Amino acid sequence: MEGTVYLEDIESTRVTASKEAKGPSSSPSTTSTATAATGGVKRQRTLLDMYTGSQGKTTTGMNGSAKKIKLTASGSASNSSSSTMMSRPMVLGLQRLNSIPFSLKSYQESLTPEQRELLRLECEVMGKSWLKVLKDEIRKPYFIALKKFLWKEGVRGPDDSPATLKVYPAPRNIYAWSKTPLGKVKVVILGQDPYHGKGQAHGLCFSVPTGVAIPPSLRNIYTELKAEYPEFQEPNHGNLSAWATNGVLMLNTCLTVRAGDPGSHSNKGWEEFTDRVVDVVDKYGGANLPTAGEGSEGSGFGRGVVFLAWGAWAAKRVAKLSKGKHLILTSSHPSPYSVDRGFRGNNHFRTANEWLEKKYGPTAKVDWCNIDVKEDLERL
């Protein structure tokens with residue numbers, strides 16, 4: 001499968017066919033320094049020409065007629081039915097998400113034998129839309145040191161860790177959050193540590209597997225959701241995987257914990273790694289979401305998502321992000337110890353949807369009230 005490109009994010013494949021108009025070119029210059037009337041004057045290229053490759057070219061519409069690209073005074077394109085590149089400028093130094101190639105086989109072959117063994121879990125279970133942008137991060141010395149620590153703790157591959165393993169969540173679920181494709185992320189909820197009780201953690205912050213008692217913090221989340229959406233019917237479980245399928249990234253700061261020992265895997269490298277995950281969301285989160293009123297295709301770059309940062313720890317994680325690009329909502333933690341210090345009545349769920357609808361259209365809203373478990377987390 002050499003050369004395989006994983007495009008997990010893509011909802012539809014976009015193919016744009018361009019045809020050159022027959023006969024000599026008659027496209028006018030897109031700058032005011034050269035016109036058809038001054039044919040002897042050498043035409044100057046604008047920066048926009050260089051990036052879009054539009055010099056001397058025309059675009060072809062649905063009816064086959066050639067349409068000329070024009071620029072407004074501000075330098076943006078207008079009257080072009082097929083120039084997505086022009087209407088959605090490139091981000092300098094950043095490649096469009098769906099055009100980033102990735103071959104798992106080639107990547108594994110590039111690893112040393114030690115790296116190949118230590119990173120087997122990541123290669124097998126991390127969502128490919130995430131692995132292709134984090135592949136260099138997980139080769140860094142700090143992450144290899146983290147994996148050596150976890151190896152000593154008993155965390156190996158997805159299926160060969162000891163049956164008596166006392167680290168949560170199960171290895172196969174450590175990267176469950178990555179089953180939400182990067183290009184479809186709308187909202188990020190930040191947690192701190194996985195639940196440290198047996199059977200509680202399954203890789204999504206605040207969530208627990210079906211059949212496990214609903215934790216107090218999650219009950220308070222349900223109460224707030226009911227206050228904002230009276231039609232919400234509180235389920236008899238705490239499995240939030242339906243949100244994950246709806247574009248909600250539920251990310252803990254530390255991704256593992258020793259049984260009964262909260263904070264036991266802190267300062268081992270997870271914090272640095274999940275910081276990079278947040279950076280990736282900043283660059284590409286929601287890259288495949290449509291822009292309101294501009295059709296169904298995304299830009300390929302992150303244009304902003306909603307961050308729900310509950311508690312001082314989460315607020316610290318998002319302090320570096322642009323409030324002009326993202327909607328960053330902070331409050332106290334939903335824990336019973338702090339829920340009345342600002343979480344209760346924060347209106348975050350409804351505010352998030354209002355922002356998403358305005359930016360990406362009504363289909364981008366999260367169906368917060370739907371927490372039905374229709375499929376196993378493994379198949380997200």
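Within segment 169-184, the residues that satisfy the criterion of being open to solvent by 10 Å² or more (accessible area, probe 1.4 Å) and under 16 Å from residue 251 (Cβ atoms) are 173, 179, 181, 184. Checking 166, 132, 198, 148 one by one, the residue that is open to solvent by 50 Å² or more (accessible area, probe 1.4 Å) and at pLDDT 95 or above is 148 and no other. Here the condition is being at pLDDT 95 or above and open to solvent by 20 Å² or more (accessible area, probe 1.4 Å); of 303, 350, it holds for 350 alone.
Given the options 308, 329, 289, name the one that is buried (at least 19 other Cβ atoms within 10 Å of the Cβ), of a type in the set (A, V, I, L, M, F, W, C), at pLDDT 95 or above and under 17 Å from the mean Cα position of the chain (by Cα).
From the options 308, 329, 289, the qualifying one is 308.
When the criteria are applied in full, residue 295 meets the requirement of being part of a loop (DSSP other than H, G, I, E, B), more than 16 Å from residue 97 (Cβ to Cβ), under 21 Å from the mean Cα position of the chain (by Cα) and at pLDDT below 95. The set of residues in segment 337-367 being under 12 Å from residue 187 (Cα atoms) and not in a helix (DSSP H, G or I) consists of 365, 366, 367.
Residue-level analysis places residue 281 among those that are closer than 22 Å to residue 364 by Cα and aliphatic (A, V, I, L, M). I'd like to check something: does segment 73-91 contain any residue that is out of contact with any Ser or Thr (no Cβ under 8 Å at 6 or more places or on another chain), assigned to a loop (DSSP other than H, G, I, E, B) and modelled with pLDDT of 95 or more? No, segment 73-91 contains no residue that is out of contact with any Ser or Thr (no Cβ under 8 Å at 6 or more places or on another chain), assigned to a loop (DSSP other than H, G, I, E, B) and modelled with pLDDT of 95 or more. For the criterion of being closer than 20 Å to residue 349 by Cα, touching a strand residue (DSSP E or B) at 6+ places or on another chain (Cβ under 7 Å) and not aromatic (Phe, Trp, Tyr), residue 188 passes.
When we screen 102, 149 for residues that are part of a loop (DSSP other than H, G, I, E, B) and touching a Lys or Arg at 6+ places or on another chain (Cβ under 6 Å), the only hit is 102.
The values are calculated or read from the model by the stated rules, or taken from the named source; none is laboratory data. Keep in mind that what you see is a predicted model, and the values were worked out from it rather than measured. Virtual Cβ from ideal backbone geometry, glycine too; neighbours counted across all protein chains shown. Remember, those area values only see protein heavy atoms, side chains included, never the ligands or the DNA or RNA. Shrake-Rupley method; radii C 1.70, N 1.55, O 1.52, S 1.80 Å.
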